[in-house]
Each structure stands twice: as C-alpha cells, then as structure tokens.
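Taken together, the values in this text are just the output of simple stated rules run on the coordinates, not laboratory data. Since we're looking at a predicted model, the values are computed, not measured. Ideal geometry is used to build each Cβ from the backbone, glycine not excepted, and the neighbour counts take in all protein chains shown.
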Amino acid sequence: MKIPYYPGCTLKTVGKNFETSAIESAKVLGVELVELPRWNCCGAVFSMTTDDLMHQIAPIRNLIRVQEMNEKGIVKDEYRVVVLCSMCFNTLKRSNLFVKEAKERLEKINTFLTDTEEPYQGNVEVIHFLELLKNDVGFEKIKEKVRNPLKNLKVAPYYGCLLLRPEEVGIDNPQSPKILENLLEALGATVINTQFKTRCCGSYQTVNRKELVAELAFDILNQAKMNGAECIASSCPLCTFNLDTRQEEIKKAHPEFEMIPVFYFTQLMVLAFGLKEECCRFDLNYVNPKPLLIEKNLLKT
C-alpha cells in the first residue's frame, strides 16, 4: 500500500526519531509512506476565529499536494494523507473540515490561490498513523509481525489533547481512548492505565513558562510511575518534549524524582518488529531509554 504522508517541520529536525521509526515499521506492515512533494508548515495551530481564512491557506496547500500526487500517478486513488504529529494532524484535519462545511470558504481560498495552485476539491481525508494501523492494517496483523515481544515492559500510553479533541477530529473516545493501548498490547507490552493520559502537557507554555510545564509534566509522569509504569508512549513531538526534556526542570523542583524514558509509539514498534536499533534514533531521546531496554532484554549491550 502506498499512501501520501505529511511529515511536518518537527519530524525533520528534533523529531527525526519519530519519522524514521514510523517509516521503517510501516514497511514491515506493507505500507509505504510517500512524502508529499513541496509540503509546507501546517501552521502549527488551528485558528479559532471563524472568519479567519488566511490561516487555512497553509493547511489547504498541503491537501492540494495530495490531489497532485494522485493526478501524477505517484499514488493511485489514494486521496488520504497520513500524519504522525498530533498537532499537525489536528491542524490539517480541522482546516479540512472547516472548508468542507461551507462552500463559500473553499471558493474564497481557491480564488486566493488561483495564480499558484490548482483548486482544492475538498476530496482529501486526513488520518493519523494510528488510525491507519487500526483500520487498514489491523492489530492482529501487527501482532503477527512481532519478533521481539515487549514482554514485561510496563508502558503508560499518553494521548494529550490533540489526538482526541475536539470530538469531531479525535481518533478515539475522548474520555476513554483505547487505540494506543490496543497497539501496545499487540506489541506484547504490559499497558499501565493512568487518569492523566489525556491531560494537557502544557503545550506552548513551555516557551515562556517552563516551570509551569514542568509541574504539569511531573503530575503526568509521577502518576504513571505510581501506577507501575516504567516508560511512557507518546504520539506528539511537543508532548514528548514537555514530558521528556522538561524532566530536567522537574528534577530541580523535585530532587526525589527519578527520570523515566519517554518513547514515540513507533520506536516501540521498531523494537517489537526486531528491526535495527538505528531506526529508533535513541540519540534524540532526552532520557536515555537504553538501560531500561537492556534490563528487559529488548536491546543487547
């Protein structure tokens, strides 16, 4: 299966460990993520002003790229785009719904882009990689591909906000999601449930109020540890930064706090599929996960 894939900015820099592990694990499942040509930044956040069409330009341009990929035969009859980053997913999907629900909005955007882009037909579906794994691949097939089960690895899934809210955009029940749990179970991990798995990490407050974000992260991580988790599984580069890198600030405020590794769920897929460690790019994880993985016999020394 070939399917258009939107990376976004972070996955080409500090989130390269997310992209590389996703692409390589997808190959094992017979899925080729084909990167959009000439993609641009999604805009990072969805505008909350209903008459603000200018902020929809960047997301819609990326959806036009999907149309072009089909027209040029790069993919065949695949008017879907897979997104990994939760924030990019939320922004692209909400912009797509925003222009689809009102014909005049789409007409205005197409008029504005008429000199540089072909018209957007509103025919693209935005999906998250987890949705592809659940609906197109299936957790049973994923389980069949496991060569190195994550036995005894106690993982707390963390969704954050943007995978689940608002409800019309979310990929699962916003109150009681299970999609990450089901994937982790298919990989052989022991899933640790926590009340804070859908709690906000603090988002962009990390820029100018890192102490506040550190406290939010402390609550999320500490509850996971108290419930028995040995690591966290995330799907958002910003959440991962706040939960992983901000552990330095947590340690300053709470000297008794013991750091805990934070993985992208795709890194755990790479491990379970028995792929090369290099695909995980653990050098980009702030808290070194290797000691835990070696202890669990999931990595060699």
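What the table below lists for this structure:
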item: Candidate lysines for bridging to Lys100, where Cα separation is under 18 Å - those fewer than 8 sequence places away on the same chain excluded; result: Lys108
item: Rounded to the nearest 20 debye, dipole of the range 19-68 from Cβ charges on Lys, Arg, Asp, Glu; result: 80 debye
item: At R0 = 41 Å, FRET efficiency that the Cβ-Cβ distance of Glu278 and Ile57 yields, to 0.05; result: 0.60
item: Relative contact order %, the range 120-268, counting alpha carbon pairs below 8 Å whose residues are six or more apart; result: 23 percent
item: 18 Å Cα-Cα threshold exceeded, pairs from Lys93/Lys141; Lys72/Lys103; Lys143/Lys178; Lys143/Lys300; Lys12/Lys76; result: Lys93/Lys141; Lys72/Lys103; Lys143/Lys300; Lys12/Lys76
item: Percent of beta bridges antiparallel (DSSP, the chain, rounded to nearest 5); result: 0 percent
item: Over the range 36-80, equivalent-ellipsoid semi-axes from the Cα gyration tensor in Å; result: 25, 10, 8
item: ³J(HN,Hα), Karplus 6.51/-1.76/1.60, whole Hz, each residue of the range 227-238, x for Gly, Pro; result: 7, x, 6, 9, 6, 10, 10, 10, 10, 10, x, 6
item: Efficiency of FRET between Ile74 and Lys252 - r from beta-carbon atoms, R0 35 angstrom, step 0.05; result: 0.10
item: Amide H contacts of Val34 (H built 1.01 Å from N, under 5 Å, at least 5 apart or other chain); result: Ile3, Tyr5
item: Efficiency of FRET from Cβ geometry, Thr190 and Glu140, R₀ 22 Å, rounded to 0.05; result: 0.70
item: Nitroxide proxy distance, nm - points 7 Å out along Cα→Cβ at Val34 and Gln175; result: 4.2 nm
item: Percent of C-alpha pairs per 10 Å bin, the chain, short to long; result: 6, 28, 34, 21, 9, 2, 0
item: Whole-Hz ³J(HN,Hα) from phi, Karplus 6.51 cos²θ - 1.76 cosθ + 1.60, for the range 290-299, glycine and proline x; result: 4, x, 5, 5, 5, 4, 8, 6, 9, 9
item: Placed amide H near Gly138: partners under 5 Å, 5+ positions off or other chain; result: none
item: Net charge, Ile23 excluded, C-beta distance under 11 Å - Lys, Arg +1, Asp, Glu -1; result: -2
item: The range 83-170: proportion of alpha-carbon pairs further apart than 20 angstrom, %; result: 54 percent
item: Rounded to whole Å, sorted largest first: equivalent-ellipsoid semi-axes of the range 139-295, Cα gyration tensor; result: 24, 19, 14
item: Relative contact order (percent, whole number), the range 1-143, Cα cutoff 8 Å, 6+ residue spacing; result: 27 percent
item: Distant-in-sequence amide H partners of Ile232 (H built 1.01 Å from N, under 5 Å); result: Ala156, Val262, Phe263
item: Length released on extending from Asp115 to Ala44, taking residue separation times 0.36 nm less the Cα-Cα span; result: 23.1 nm
item: Percent breakdown of C-alpha pair distances by 10 Å bin, ordered from the shortest bin, for the range 2-129; result: 13, 45, 32, 9, 0
item: Loop trypsin sites (Lys or Arg not before Pro), the range 1-96, which have at most 12 other Cβ atoms in a 10 Å radius of their Cβ (DSSP); result: Arg38, Lys72, Lys76
